[in-house]
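Colleague: The structure that follows is given in the form of C-alpha cells.
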C-alpha cells in the first residue's frame, strides 16, 4: 500500500524548494507517449501534473496518465476539472485515483469547451473550483461525501489549486485564492509568469494577506518553443506578456535558445521572492527541454527523502 502522504507533500513540508512539471497526455491511447515523457523527467522534477483535457481538447484521461507516469518512477499530480463532471463523477473518479496509488490532485474549473475542438459539447460545472476543493477536503478530514454519507475508506489527497496573478481585478483574484485555501487547498500553482515585475507586486499582496503561510505557492513558467507561441500567448486573456519579451524572441538568432535564457532570468528572480515554495515548469510540446532548464537554473540534483 502506498504511503498516505505523497513525496510532493513531504518535500514541501520539509522546506525544500520543489520543482514540478507537466505531461500532456496523448490524443489517443498511446501508452508509450506518457512513458517516454515520464522517463525524460525522472530525477529532474519532483512530480508531474498530467493535464485534464487541457484547452478542452479530448485526450487520454489525467488519472490514466498519472498511473502510467508513476509506472516509470515519476510521481504524478492528477488534474480534475469541474467542466466535464458532476459531483458524483468527480468524487467517484477521485476514489478510484486514490485506490490506484495517486496521492496528489489539482482541482480547477477547466477551460470553457468553446476553446477546444468540440465546441458543441455541453459543459457541466455542477460545482465550481472552490466547492470541489471543499468537497475533497471534507472527504479527507471528515470522511463524508457531499451528500453527507460516510465514506468507508476516505482518500487523503494532497490538494492543489491554481491562481492567476495577472487577471483583473487583482483584489478579486486574491479573494478567490483566499477562498480556495480556506476551502482546503494545500498548494497553489500560478499562471505562467512573463511579467516578473508584476508578479513580484502580486506576491507582496499575497504576503500582506498571509496566504503564503497557509498554502505552498509554486510559481509557474512556460518555456516557449517559437516566436509564434509567445505572440499567441500575449493575446490570451488573463496573461501578461511584456512587449520586451516578444521583441527579444523576434530579434533572436535562435528563438529556442533565447526562450530558455528568458525563463532562466525569470527563475532567478522567482527564487529570491519571499513566500515562493517551488517552481512549476510548463513546456508544452517541448518537454525534452525541461532537464536543461532545471540543470541550468541550479536546481539539480533534486532532494531525496528518507
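Colleague: Hey, residue 301 hits all of (1) modelled with pLDDT under 95; (2) exposed (fewer than 14 other Cβ atoms within 10 Å of the Cβ); (3) out of contact with any strand residue (DSSP E or B) (no Cβ under 9 Å at 6 or more places or on another chain); (4) in a loop (DSSP other than H, G, I, E, B) but one; which does it fall short on?
Modeller: (1)
Colleague: Related question: Looking at this structure, is residue 205 in contact (Cβ under 8 Å) with a residue 24 or more places away in the chain, surrounded by fewer than 23 Cβ atoms within 10 Å (Cβ to Cβ), closer than 16 Å to residue 108 by Cα and touching a helix residue (DSSP H, G or I) at 6+ places or on another chain (Cβ under 7 Å)?
Modeller: Numbers: in contact (Cβ under 8 Å) with a residue 24 or more places away in the chain: yes; surrounded by fewer than 23 Cβ atoms within 10 Å (Cβ to Cβ): yes; closer than 16 Å to residue 108 by Cα: no; touching a helix residue (DSSP H, G or I) at 6+ places or on another chain (Cβ under 7 Å): yes.
Spelling it out, it is not the case that residue 205 is in contact (Cβ under 8 Å) with a residue 24 or more places away in the chain, surrounded by fewer than 23 Cβ atoms within 10 Å (Cβ to Cβ), closer than 16 Å to residue 108 by Cα and touching a helix residue (DSSP H, G or I) at 6+ places or on another chain (Cβ under 7 Å).
Colleague: Sticking with this structure for a sec: Could you please find all residues in region 90-108 being within 11 Å of residue 75 (Cα to Cα) and free of Cβ contacts under 8 Å to residues at least 60 places away in the same chain?
Modeller: 102
Colleague: Only one residue in 261, 224 is over 29 Å from residue 131 (Cβ atoms) and not in a helix (DSSP H, G or I). Which one?
Modeller: Step by step, each of 261, 224 is checked, and only 224 is over 29 Å from residue 131 (Cβ atoms) and not in a helix (DSSP H, G or I).
Colleague: Does any residue of region 35-49 turn out to be over 28 Å from residue 305 (Cβ atoms) and surrounded by fewer than 17 Cβ atoms within 10 Å (Cβ to Cβ)?
Modeller: Looking for residues that are over 28 Å from residue 305 (Cβ atoms) and surrounded by fewer than 17 Cβ atoms within 10 Å (Cβ to Cβ), one finds none in region 35-49, hence no.
Colleague: Identify, from the list 246, 236, 223, the residue that is over 25 Å from residue 181 (Cα atoms), within 19 Å of the chain's Cα centre (by Cα) and modelled with pLDDT of 95 or more.
Modeller: 223
Colleague: Would you be able to tell me the number of residues in region 109-145 that are modelled with pLDDT under 95 and not in a loop (DSSP other than H, G, I, E, B)?
Modeller: 3
Colleague: Mind checking which residues of region 165-188 are closer than 26 Å to residue 237 by Cα, in a loop (DSSP other than H, G, I, E, B) and in contact with a helix residue (DSSP H, G or I) (Cβ under 6 Å, 6 or more places away or on another chain)?
Modeller: Correct list: 165, 167, 185.
Colleague: Let me ask something additional. Can you find, within region 266-294, the residue that is surrounded by the fewest Cβ atoms within 10 Å (Cβ to Cβ) among those that are free of Cβ contacts under 8 Å to residues at least 40 places away in the same chain and part of a helix (DSSP H, G or I)?
Modeller: Looking at the filtered set, the residue picked out is 268.
Colleague: Among residues belonging to region 216-252 that are out of contact with any helix residue (DSSP H, G or I) (no Cβ under 8 Å at 6 or more places or on another chain) and closer than 23 Å to residue 290 by Cβ, point out the one that is surrounded by the most Cβ atoms within 10 Å (Cβ to Cβ).
Modeller: 218
Colleague: Looking at region 45-57, can you tell me whether even one residue there is more than 17 Å from the chain's Cα centre (by Cα) and without any contact (Cβ under 8 Å) to a residue 60 or more places away in the chain?
Modeller: No: zero hits.
Colleague: Shifting gears a bit: Of the residues that make up region 149-156, is at least one in contact with a helix residue (DSSP H, G or I) (Cβ under 9 Å, 6 or more places away or on another chain), crowded, with 17+ Cβ neighbours inside 10 Å and free of Cβ contacts under 8 Å to residues at least 24 places away in the same chain?
Modeller: Within region 149-156, one or more residues are in contact with a helix residue (DSSP H, G or I) (Cβ under 9 Å, 6 or more places away or on another chain), crowded, with 17+ Cβ neighbours inside 10 Å and free of Cβ contacts under 8 Å to residues at least 24 places away in the same chain.
Colleague: If residue 213 satisfies all but one of (1) surrounded by fewer than 21 Cβ atoms within 10 Å (Cβ to Cβ); (2) under 22 Å from the mean Cα position of the chain (by Cα); (3) over 30 Å from residue 183 (Cβ atoms), what's the number of the condition it fails?
Modeller: Condition (3) is where residue 213 drops out.
Colleague: Shifting gears a bit: For residue 36, are the conditions met, namely being within 12 Å of residue 74 (Cα to Cα) and without any contact (Cβ under 8 Å) to a residue 12 or more places away in the chain?
Modeller: Yes: the conditions hold for residue 36.
The values are calculated or read from the model by the stated rules, or taken from the named source; none is laboratory data. All of these numbers come straight from a predicted model, not from anything done at the bench. Counting neighbours? That spans all protein chains shown, and the Cβs are built from the backbone with ideal geometry, glycine included.
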